[in-house]
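Below is one structure; the comments refer to it alone.
Taken together, the values in this text are just the output of simple stated rules run on the coordinates, not laboratory data. As the structure is a prediction and not an experimental result, all values here were calculated from the model. Cβ: placed from backbone, ideal geometry, glycine included. Neighbour counts: every protein chain shown.
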Amino acid sequence: MFEPASNLTTEQNTALKTLTIIGYLEGTSFLLLLCIAMPLKYMMDIPEGVKYIGMAHGGLFIAYIVVLMGTAVKIKMPIWAIPAGVLGSFLPFGPFIFDHWLKKSLKKSKKVF
């Protein structure tokens, strides 16, 4: 799941690892909300899933945005990468794709962005 980038400091790697973990949790909660909780609510009239999973997803979404901003500063992301990360949080599988793209970009470059 996370392989430290050799061109980053320990603090930067820790920030990137935190972003990865929060991103995976946020993305998973969004998929649970879309694929399990909402069908239960609208097909079987069981709204509790949306209430609890939605609340968890909301907290994880806010945490993801905060961690994304902090990580952007620590690893010196270009300004256009921040909207890409935010946009990814609104799309199913978006945080997973953004994480892959970010790590691929870090591996390609010899410098920190």
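Taking a straight Cα-Cα cut-off under 18 Å and skipping sequence neighbours fewer than 8 places away in the same chain, the lysines within cross-link reach of LYS107 are LYS17, LYS74, LYS76.
Charge tally around HIS57: other residues with Cβ under 12 Å, Lys/Arg +1 each, Asp/Glu -1 each, net 0. Inter-label distance, MET44 to ILE79: 4.9 nm, where each label sits 7 Å from its Cα along the C-beta direction. Rounded to the nearest 10 degrees, the inclination of helix 10-32 to the longest alpha-carbon principal axis of the chain is 20 degrees. A protection proxy built from the mean count of other Cβ atoms within 10 Å ranks the segments 59-72, 80-93, most packed first, as 59-72, 80-93. Each label was represented as a point 7 Å from its Cα along the Cα-to-Cβ direction; for LYS104 and LEU32 these points are 2.8 nm apart. Computed over region 11-105, the P(r) curve from all C-alpha pair distances, binned at 10 Å from the origin, holds 17, 45, 24, 11, 2 percent per bin.
Counting pairs of alpha carbon atoms under 8 Å apart in space and at least six apart in sequence, what relative contact order in percent does the chain give?
Details: 105 pairs, mean separation 37.3, N = 113.
Once divided by the residue count of the chain, the mean separation gives 33 percent.
Applying 1/(1 + (r/R0)^6) with R0 = 22 Å to the Cβ-Cβ distance of PHE90 and ALA56 gives a FRET efficiency near 0.85.
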